[in-house]
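Report on one structure; see the data block that follows.
FYI, it's all coordinate maths here, none of it is from the lab. Keep in mind that what you see is a predicted model, and the values were worked out from it rather than measured. No Cβ is skipped: glycine too gets one built from the backbone with ideal geometry, and neighbour counts run over all protein chains shown.
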Amino acid sequence: MFDVIPTDITLDSNPGYSASPFPAMVPATSAFLKISVLAGGMLLACPVLPGQDAPPPQATSSPPVSIPVKLDISRRSLKNFLTDEAALSPYRSPDGTIGELTGLFMIGSGSVPYAVFWDSLSCRLLGVLDITRPGEAESVAPLPPSGGDETVKTAPSPYVLKASGPAQFSGPTGSPATPVYFGFRLIDGKPEFLYTSGPLAVEERIWLEEGGTLLKQRFSVRDAAKGFRILLPAEWKERVAVSAGTWKNETLTVPAEAAGEVILTYRLTDREPEPAVSN
Amino acid sequence: MVLASLPYAGYSQTDSTAVDTNPPESKERPFVTLNPTDQVPQVRAIIPMDGANVFFLNHRGQIGAAKFSPGLSQIGWDLYSEIKLNALPSLALGPNYSILTASENELTQAFDSDKNAQLDFFQALLQDWPGRGKGVTITAGPVADQWGRIILALSPGSLNEGQPARARLVAWHPEHKKLVTVTESELLIDAFAINRDGLVASRLHMADYKDGYFVSLTDLPSFDSKQPDASPDPMPFTLPSLVIPAELTKNDPPVQLCFAHEGGKEKLLLPCPKSKHLIEILPEKLGNIWQGSILLRGKTERPVESIVEMSSGVILGGGSEGFVPLSGLSEPYRIMRITLAKDGVILFFNRSIDRFEGSKPENYSVKAIALNGGETTLAVVPVIESDGKAVILKTNAISAGTVLRVVCQNLPSEKGETLLSSAAFYTVHRR
């Protein structure tokens, strides 16, 4: 029972409310924090397993110094911009309508032309918007008069990344699980989302580097004795480099030894066009 | 630069609460450095820590801390969190200077886990409730009650097929898993406040009714810690108890509610930010029915969206142009209260009235507006009390189920001041 009369108290009482799906985690919020800090900063070697694709280019263990961008973090409701049926599935109501994104995090910075969206319902990175590009409605060019060459030029989507496919996270068997959002915390100004996916307790940190041209996504997973898998949309794979794990098609398999930290680095800018060959 | 200690008050916990698995914490108190600033916080909600410090929610959804002198002069403020939450305009205090906020879809508790006077951990305490999958959302709250529960208002929803859709006030207790409905309402609850005795005052949403704004007063059933998950039986039903006429607010809906104490009486204050009118309700209970006077308390210089009582009778407001002290100011000449008498009504004023004008019956108009439609004008005979601060208006019988509209057309004070509002109202449910 609580005494509701405000009193001038010292900071020696217990931490906050304990109702939580993480019985060991919540009363010990600080303990949870310490675990992740211990796990951080370590890049673990990842063997290539038989039958798997060759590992992708990986972030080196001593990456060049990169300056994180000071982030502006807000939560807001937004019209659902997803278009892929599987990605929309968690937002579909029983009557079939698609709900707004009401638990959305928007991460950006005044100096960066990108807005990063992460949602607490599906517990996934939903997309990255290039705010300098026209919106999707505007990007659809009007049809030219009929009779001519009807090559329609459409502007590129303003979304550099847009989620598609089922939930990104799965256990070692690849079986999907409905994620349950727990909360988020700030680590050096970077949001770290905490959620469970089946038996896995996931910490997912998002931030921007290199003037906002690189998006970083760090996963740290507890209770992953057999590792875990991350399924990315096919279009994202060409933009991403990972610090650990092996690819098979669009699925990154992370072994247990690397579960403490896997960093995905997304290039948000388009590649420079190849220089024209001249003799 | 002012170093303001934040004597952040929270609920102190007893030994029966969760086991602390953390290492012993420092007993040093955190400080927020309040730098001099000309910037004015845009305040949407306030929660006092004590008589001098508050947390507030600004228009961008950020939580700040502000310090005041005993006379409510603002000493300084700073952000306690830069995160922009999608929060409803209400804050509640948790243990260890944590702050509870709610969005339509989540009850969130924010902690300063590393004790650097910045919130850095935001836990989703509640994301599911009855009807959540059918579009039921949080419409108001969080508000803490005297039993340590967090009360939230949910939008109307039908829990079982065939049942009418009802809005609900639900209670969440940190030690108990089940969310308990504590009252039901046919109308959506826009805002609510709870006093120390468990009386809930709710602003009910009635979009089609333009002549006034409904407030309900409902006694919360006592919390039985031995049966924490038990729903009240019978379930209290929130009915519109009082009507704030739109003419008193200049058609501007009151946005929040606050219980305050002055002159030994408990009042309910409601700000109307656009018109800058401040409404005062003096609730009275007859049997199990609430009724009472509805008055214009003042017109503020700056808009007020949120009001808190810092300590008994010390009232602070806040709005888009910063904090606004609402007590200790010179009070305009006004009607302070209406009470029912056997043979009419009694008007109380805060200054002696002009006896010459006050004795003229034509300077008064009393109408009984039936709650179910129709109105009657009552003939009045004024009798001025000896101190000149009360007038008995003898009338014909006043029936229950009416709103009394009393207008004093030309009733200056003894010193010639004009009434702040010539109109005052009383909702009569029972005689």
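Less than 5 angstrom separates the built amide H of B:Leu126 from those of B:Leu107, all sequence-distant by 5 or more or on a different chain.
For B:Val383 and B:Asp211, a Förster radius of 30 Å and the Cβ-Cβ distance give a FRET efficiency of 0.45, rounded to the nearest 0.05.
Put +1 on the Cβ of each Lys and Arg and -1 on the Cβ of each Asp and Glu in chain B; which of B:Val383, B:Thr137, B:Ala191 then has its Cα farthest toward the positive end of the dipole? Most positive-ward Cα: B:Val383. The charge dipole of segment B:139-199, taken about the Cα centre with unit charges on the Cβ atoms of Lys, Arg (+1) and Asp, Glu (-1), comes to about 180 debye, rounded to the nearest 20. Modelled spin-label separation between B:Arg132 and A:Ser77, with each label point placed 7 Å from Cα along the Cα-to-Cβ direction: 1.7 nm. Under a 10 Å cutoff between Cα atoms, tell me which one of B:Phe56, B:Phe323, B:Phe121 has the largest fluctuation in the Gaussian network model of chain B. Comparing B:Phe56, B:Phe323, B:Phe121 in the GNM, the peak value goes to B:Phe121.
Which of the trypsin sites (Lys or Arg not before Pro) found in segment B:370-424 are in a DSSP loop and have at most 16 neighbouring Cβ atoms, other than their own, within 10 Å?
Details: sites: B:Lys389, B:Lys394, B:Arg405, B:Lys415; in loops: B:Lys389, B:Lys415.
The qualifying sites are B:Lys415.
Using only helices, what value at 222 nm comes out for chain B when you add -39,500 (n - 2.57) per DSSP H run of length 4 or more and divide by the total residues, to the nearest 500 deg cm²/dmol? Could the numbers behind the result be given before it?
Details: 2 runs with 8 residues, N = 431.
Roughly -500 deg cm²/dmol at 222 nm, from the helical runs in chain B.
Under 5 Å from the amide H of A:Phe228 lie the amide H atoms of A:Val254, each residue being 5 or more positions distant or on a separate chain, with H modelled from the backbone and absent for Pro and chain starts.
With the cut-off at 1.5 for a/c, could you classify segment B:126-198 from its C-alpha gyration tensor as rounded, prolate or oblate?
Working: a/c = 2.04, a/b = 1.47, b/c = 1.38.
It comes out prolate by the Cα gyration axes.
Within the straight-line cut-off of under 17 Å between alpha carbons, the lysines reachable from A:Lys162 are A:Lys79, A:Lys216, A:Lys237, sequence neighbours fewer than 8 places apart in one chain being disregarded. Computing FRET efficiency as 1/(1 + (r/R0)^6) for B:Gln163 and A:Thr178, where r is the C-beta to C-beta distance and R0 is 30 Å, gives about 0.60.
What dipole magnitude, in Debye to the nearest 20, does chain B give about its Cα centre under +1 on Lys/Arg Cβ and -1 on Asp/Glu Cβ?
Numbers: 40 positive and 47 negative charges, 203 e Å.
The calculation lands at about 980 debye.
If the chain between B:Ser320 and B:Ala246 were fully stretched, how many nm would it gain, using 0.36 nm times the residue separation less the Cα-Cα distance?
On the way: separation 74, 0.36 × 74 = 26.64 nm, distance 2.23 nm.
Here the answer is 24.4 nm.
Label positions at B:Asn396 and B:His176, each projected 7 Å from the Cα along the C-beta direction, are separated by 5.1 nm. Every pair of different Cα atoms in segment B:345-393 enters the Kirkwood calculation, which places the hydrodynamic radius at 11.7 Å.
Pull out the extension gain between B:Arg431 and B:Asp229, defined as 0.36 nm times the separation in residues minus the alpha carbon to alpha carbon distance; nm, one decimal.
Details: separation 202, 0.36 × 202 = 72.72 nm, distance 3.76 nm.
That pair, B:Arg431 and B:Asp229, stretches by 69.0 nm at full extension.
Among the listed pairs B:Lys285/B:Lys389; B:Lys367/B:Lys394; A:Lys70/B:Lys67, which have their C-alpha atoms separated by more than 21 angstrom in this model? Numbers along the way, then the final one.
Details: B:Lys285/B:Lys389 24 Å; B:Lys367/B:Lys394 13 Å; A:Lys70/B:Lys67 28 Å.
Result: B:Lys285/B:Lys389; A:Lys70/B:Lys67 exceed 21 Å.
One compactness figure for segment B:338-428 is 1.04, namely its Cα radius of gyration divided by 2.2 N^0.38 Å.
Kindly flag which residue pairs out of A:Lys190/B:Lys178; A:Lys190/B:Lys177; B:Lys210/B:Lys276 have an alpha-carbon separation exceeding 25 Å in this structure. Mind dumping the intermediate values first?
Numbers: A:Lys190/B:Lys178 33 Å; A:Lys190/B:Lys177 31 Å; B:Lys210/B:Lys276 19 Å.
Checking Cα-Cα distances, A:Lys190/B:Lys178; A:Lys190/B:Lys177 exceed 25 Å.
Just flag the trypsin sites (Lys or Arg not before Pro) in segment B:251-329 sitting in loop per DSSP whose Cβ has no more than 15 other Cβ atoms within 10 Å.
Values: sites: B:Lys265, B:Lys267, B:Lys274, B:Lys276, B:Lys285, B:Arg297, B:Lys299; in loops: B:Lys274, B:Lys276.
Answer by residue number: B:Lys274.
Remark: the Cα gyration tensor places chain B in the oblate category, a/c being 1.5 or greater and a/b not exceeding b/c.
Put simply, when A:117-127, A:234-244 are sorted by average Cβ atoms within 10 angstrom per residue, most first, you get A:117-127, A:234-244.
Sorting B:Asp145, A:Asp84, A:Asp130 on the 10 Å Cβ count, fewest up front, what's the list?
Working: B:Asp145 21, A:Asp84 13, A:Asp130 18.
Ordered by Cβ neighbours within 10 Å, fewest first: A:Asp84, A:Asp130, B:Asp145.
Shielding of peptide B:166-175 by partners, expressed as the average count of other chain Cβ atoms within 10 Å per residue Cβ, is 2.
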